[in-house]
1. Any residue that is within 28 Å of residue 224 (Cβ to Cβ) and not in a loop (DSSP other than H, G, I, E, B) - is there at least one of those in segment 549-561?
2. Considering each residue of segment 577-602, count those that are over 26 Å from residue 561 (Cβ atoms) and part of a loop (DSSP other than H, G, I, E, B), and give that number.
3. Being surrounded by fewer than 17 Cβ atoms within 10 Å (Cβ to Cβ) and either at pLDDT below 85 or not in a helix (DSSP H, G or I) (or both) narrows it down to one of 383, 360, 398, 393, so name that one.
4. Among the residues of segment 555-566, write down those that are in contact with a helix residue (DSSP H, G or I) (Cβ under 9 Å, 6 or more places away or on another chain) and surrounded by fewer than 21 Cβ atoms within 10 Å (Cβ to Cβ).
5. Within segment 323-343, identify whether any single residue is surrounded by fewer than 21 Cβ atoms within 10 Å (Cβ to Cβ), at pLDDT below 70 and closer than 26 Å to residue 43 by Cβ, and answer yes or no.
6. Residues of segment 44-57 being outside any loop (DSSP other than H, G, I, E, B), out of contact with any helix residue (DSSP H, G or I) (no Cβ under 6 Å at 6 or more places or on another chain) and over 21 Å from residue 362 (Cβ atoms), which ones?
7. Specify the residue that is nearest to residue 519 (Cα to Cα); the eligible residues are those in segment 208-224 that are modelled with pLDDT of 75 or more and out of contact with any strand residue (DSSP E or B) (no Cβ under 6 Å at 6 or more places or on another chain).
8. With respect to residue 538, is the statement that it is under 31 Å from the mean Cα position of the chain (by Cα), assigned by TED's automatic domain parsing to the domain that holds residue 494 and farther than 22 Å from residue 504 by Cα true?
């Protein structure tokens with residue numbers, strides 16, 4: 001009986017190829033859009049992390065106890081001394097690890113290659129539960145200074161070393177220093193999961209060594225630059241772990257009031273922490289795709305209703321010959337379900353072809369974006385949606401068609417019957433619903449465009465026109481002394497400035513809209529405060545042509561000059577928001593502040609404010625600029641990490 005109904009449905013649809021094609025394409029657009037969006041949600045949110053027992057992995061984020069943990073949207077950073085205390089004092093984790101990104105340059109006699117690297121604590125791979133396919137992971141003592149060991153990603157091992165099975169034990173040159181290869185990770189392994197996956201992993205050793213007479217960053221409590229991940233013990237919940245970490249945080253606040261006052265710790269699932277920033281974008285995509293699908297369903301329902309009205313005589317004849325109401329409904333629902341299945345197949349093809357375009361359109365900051373691809377869950381979703389929308393779109397037309405007026409339908413005056421009038425009223429109602437849904441979709445698209453235009457109108461604080469950037473990482477072995485690094489950048493910038501078409505060139509720790517920052521506390525000389533009460537600001541070290549290159553306006557005072565080096569009086573330039581917040585109604589020029597935490601030996605010196613520049617969005621255009629402090633790069637121990645040039 002089922003095969004007979006299916007053959008009949010195919011014959012009926014084949015008799016009207018134009019109608020069938022229109023319905024299938026309408027379904028395909030709605031189902032295809034939802035399949036593509038579900039592929040994104042599946043890869044980013046639903047698919048488990050590719051680690052051992054990923055449900056036990058959690059992220060640890062800092063928050064201000066005065067405002068509470070609500071509103072935290074990403075995984076914040078911690079200091080190395082705090083991490084050491086957490087690791088020693090907790091009783092809820094099987095392992096606790098930290099990591100931070102790093103830029104390294106690989107040289108092997110052929111060419112220099114920039115590598116995205118990750119500096120990790122020795123136990124990170126044990127925490128996530130992944131073993132290398134060759135060699136071993138880091139041992140605990142390799143976090144200590146003086147160890148130069150590296151683990152390669154599978155891709156780098158294949159691409160640069162030809163998949164050499166004897167690579168373990170060999171040396172590679174990174175940033176001018178020899179590192180011993182101790183392992184190769186499996187294909188597809190990425191940690192941390194980001195838009196720029198690491199190609200090598202090194203131990204904390206390279207961050208725990210004194211350089212140029214300065215204390216290592218890992219010795220400075222309050223210098224938060226490491227992300228933290230942990231594995232819960234099998235019998236411990238997140239709530240229990242939260243209680244334990246709150247106890248530890250309270251003790252650290254008492255023990256280290258200068259750095260840990262008002263600092264709390266929030267624990268949340270690692271997957272949730274990774275996708276927190278992408279949550280709103282995914283919700284918007286789901287809402288818009290769902291609206292498109294509803295419009296498609298109503299449109300198809302209207303088409304099927306019109307078709308059923310034209311088939312009243314056929315249905316009445318079948319009813320007169322003994323076909324029951326349920327049989328008629330089943331037959332018509334079978335036709336609409338068949339249309340839904342065909343639309344689902346076409347929609348799956350559309351979604352597969354459009355995924356590359358969707359990935360290119362989505363922000364690169366969305367985690368796991370490279371994992372977006374159809375899988376069994378996506379196929380199941382498409383099949384389910386196809387059957388549901390086919391049944392929903394055909395339900396009302398099938399129900400109305402199953403109540404034929406036999407006398408009216410079989411007479412010659414059936415065209416003007418009250419049954420046809422009621423059908424037209426139903427179609428009109430469906431058209432109204434379709435218009436409402438279309439208006440909702442149009443309004444949503446309008447709000448999206450308006451948000452985009454607002455972002456376009458945000459003043460970033462610089463002119464990005466014809467600005468090119470390049471990342472530079474100097475080896476500590478060759479440029480460990482401040483004078484050596486300063487001389488390198490001096491020569492580099494001088495040579496780049498002579499290239500054809502280059503108007504100016506500069507360098508900085510961080511470039512605008514990079515998503516990276518470093519925040520230090522500071523003291524105001526005329527209003528000294530204990531360290532626990534000092535405010536903080538973004539700090540950037542720049543060369544003297546930086547503001548000219550970025551076309552950032554000096555609104556008061558002067559710019560840096562070549563004379564502002566280590567031997568000159570200590571000076572800084574601050575942003576407008578800094579001046580308004582900390583010197584309201586005053587002229588900040590001539591005031592003296594003391595930024596803490598700079599990578600230089602000895603106690604931090606007081607620095608005179610010589611200029612005020614317009615605010616620059618360092619992280620993104622969405623958030624208001626934070627107070628900013630600029631320091632001459634030649635006046636501190638280490639110069640820069642990112643070079644800029646404007647053409």
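The values are calculated or read from the model by the stated rules, or taken from the named source; none is laboratory data. In this text, all values refer to a predicted model and were calculated from it rather than measured experimentally. Positions of Cβ are generated from backbone atoms using ideal geometry, with glycine treated the same way; all protein chains shown enter the neighbour counts.
1. Initially, segment 549-561 is screened for residues within 28 Å of residue 224 (Cβ to Cβ), giving 550, 552, 560.
After this cut, where a residue has to be not in a loop (DSSP other than H, G, I, E, B) as well, the list is 550.
Yes, segment 549-561 contains at least one residue that is within 28 Å of residue 224 (Cβ to Cβ) and not in a loop (DSSP other than H, G, I, E, B).
2. Within segment 577-602, the first condition is being over 26 Å from residue 561 (Cβ atoms), and the residues that meet it are 581, 584-585.
Then drop every residue that is not part of a loop (DSSP other than H, G, I, E, B), which leaves 584-585.
Result for segment 577-602: 2.
3. On the way: 383 fails: either at pLDDT below 85 or not in a helix (DSSP H, G or I) (or both); 398 fails: surrounded by fewer than 17 Cβ atoms within 10 Å (Cβ to Cβ); 393 fails: surrounded by fewer than 17 Cβ atoms within 10 Å (Cβ to Cβ).
Within the list 383, 360, 398, 393, the selection yields 360.
4. The first filter runs over segment 555-566 and keeps only residues in contact with a helix residue (DSSP H, G or I) (Cβ under 9 Å, 6 or more places away or on another chain), leaving 555-556, 559-560, 562, 564-566.
Within segment 555-566, 555, 556, 559, 562, 565, 566 qualify.
5. No: zero hits.
6. Listed by number, the residues that qualify are 54, 55, 56.
7. Keep residues of segment 208-224 that are modelled with pLDDT of 75 or more, which gives 208-209, 218-221, 223-224.
Now restrict to residues that are out of contact with any strand residue (DSSP E or B) (no Cβ under 6 Å at 6 or more places or on another chain): 208-209, 218-221, 223.
Working: 208: 20, 209: 21, 218: 15, 219: 16, 220: 13, 221: 13, 223: 8 Å.
My answer is 223.
8. Numbers: under 31 Å from the mean Cα position of the chain (by Cα): yes; assigned by TED's automatic domain parsing to the domain that holds residue 494: yes; farther than 22 Å from residue 504 by Cα: yes.
Judged against the criteria, residue 538 is a match.
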